[in-house]
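The values are calculated or read from the model by the stated rules, or taken from the named source; none is laboratory data. Since the structure is predicted, the reported quantities are computational estimates derived from the model, not experimental observations. Note that we place each Cβ from the backbone using ideal geometry, even for glycine, and neighbour counts take in every protein chain shown. Note: accessible area is taken over every heavy atom of the protein model, side chains too, but ligands, DNA and RNA are not part of it. Shrake-Rupley method; radii C 1.70, N 1.55, O 1.52, S 1.80 Å.
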Amino acid sequence: ETAVFQTPNYHVTQVGNEVSFNCKQTLGHDTMYWYKQDSKKLLKIMFSYNNKQLIVNETVPRRFSPQSSDKAHLNLRIKSVEPEDSAVYLCASSWDSANTEVFFGKGTRLTVV
Amino acid sequence: GDSVTQTEGLVTLTEGLPVMLNCTYQSTYSPFLFWYVQHLNEAPKLLLKSFTDNKRPEHQGFHATLHKSSSSFHLQKSSAQLSDSALYYCACSSNTNKVVFGTGTRLQVLP
């Protein structure tokens, strides 16, 4: 049963455009994440938020910016997309503990043409 | 930081044969280890996670044993099923806000 909701499911856009992806979790978790899954299925963390505060910010280009209005929502904005941004972006959430399950959304597939 | 190394690429085997997907890790601390499974067009979801008391976790016929001496958490199943075909990620967490995933291993079970 899905408890991490992402919109849109798919998005096709041209190089240079701005895109925004939305994510909401209904599990009451403290921590939310954005992961990037590339064409080789590598799953890399981009950002981690704990109670609306940025905790982890991996080395991602500055055109990526996360936005959190409350602990249940974490959006991702990409200014001026580039071809290498084509990937599946997975939102996830968990309790604030190292030994805890991460719950993923179904992802947003971005194609940059 | 933490890192995870797992069997890369595609593992193909015949239904009924045993499954073993390798996973080793490097961590400064004593991490927790996980296996996640992602079926086609679905989200990754937790399959197994390590226990603090060295019990062996099991789920859907899969099991994995955390060996701290060899820094390993291999995934095993005695008899593969067609429905086991999926992408499997080993993951490691020693920090409350960061789970590190391996490169993923695609398992293909043939009839």
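Tabulated results
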| quantity | calculated |
| --- | --- |
| Pick from segment A:51-62, criterion in a loop (DSSP other than H, G, I, E, B) and open to solvent by 40 Å² or more (accessible area, probe 1.4 Å), ranking: farthest from A:Val112 (Cα to Cα) | A:Asn51 |
| Matching residues in segment B:57-84 - criterion: being free of Cβ contacts under 8 Å to residues at least 40 places away in the same chain and of a type in the set (S, T, N, Q) | B:Gln60, B:Thr65, B:Ser69, B:Ser83 |
| Which numbered condition A:Leu90 fails, given (1) more than 9 Å from chain B (Cβ to nearest Cβ); (2) open to solvent by less than 20 Å² (accessible area, probe 1.4 Å); (3) in a strand (DSSP E or B) | (1) |
| Every residue from segment A:14-50 that is more than 12 Å from the chain's Cα centre (by Cα), open to solvent by 10 Å² or more (accessible area, probe 1.4 Å) and away from chain B (no Cβ under 11 Å) | A:Gln14, A:Val15, A:Gly16, A:Asn17, A:Glu18, A:Thr26, A:Leu27, A:Gly28, A:Ser39 |
| Whichever residue in segment B:10-24 is out of contact with any Phe, Trp or Tyr (no Cβ under 7 Å at 6 or more places or on another chain) and in a strand (DSSP E or B) and, among such residues, is farthest from A:Phe103 (Cα to Cα) | B:Thr14 |
| Scope segment B:2-26; condition in contact with a Leu (Cβ under 9 Å, 6 or more places away or on another chain), of a type in the set (S, T, N, Q) and more than 18 Å from B:His63 (Cβ to Cβ); matching residues | B:Thr12, B:Thr14 |
| Total residues in segment A:51-64, condition under 13 Å from the mean Cα position of the chain (by Cα) and not hydrophobic (A, V, I, L, M, F, W, C) | 2 |
| Residues of segment B:50-65 that turn out to be closer than 17 Å to A:Asn99 by Cα and at pLDDT 90 or above, as a count | 1 |
| Qualifying residue in segment A:96-109 (condition: in contact (Cβ under 8 Å) with a residue 40 or more places away in the chain, under 15 Å from A:Tyr10 (Cα atoms), part of a strand (DSSP E or B) and of a type in the set (S, T, N, Q)) | yes |
| Residue in segment A:74-86 that is assigned to a strand (DSSP E or B), open to solvent by 10 Å² or more (accessible area, probe 1.4 Å) and within 14 Å of another protein chain (Cβ to nearest Cβ) present | no |
| Total residues in segment B:28-46, condition assigned to a strand (DSSP E or B) and at the interface with chain A (Cβ under 10 Å from one of its Cβ atoms) | 7 |
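The rows are residues; the columns are (1) in contact (Cβ under 8 Å) with a residue 24 or more places away in the chain; (2) open to solvent by less than 50 Å² (accessible area, probe 1.4 Å); (3) under 27 Å from A:Tyr49 (Cβ atoms).
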position	(1), (2), (3)
B:Thr7	yes, yes, no
B:Thr12	yes, no, no
B:Asn22	yes, no, no
B:Gln26	yes, no, yes
B:Lys49	no, no, yes
B:Ser93	yes, yes, yes
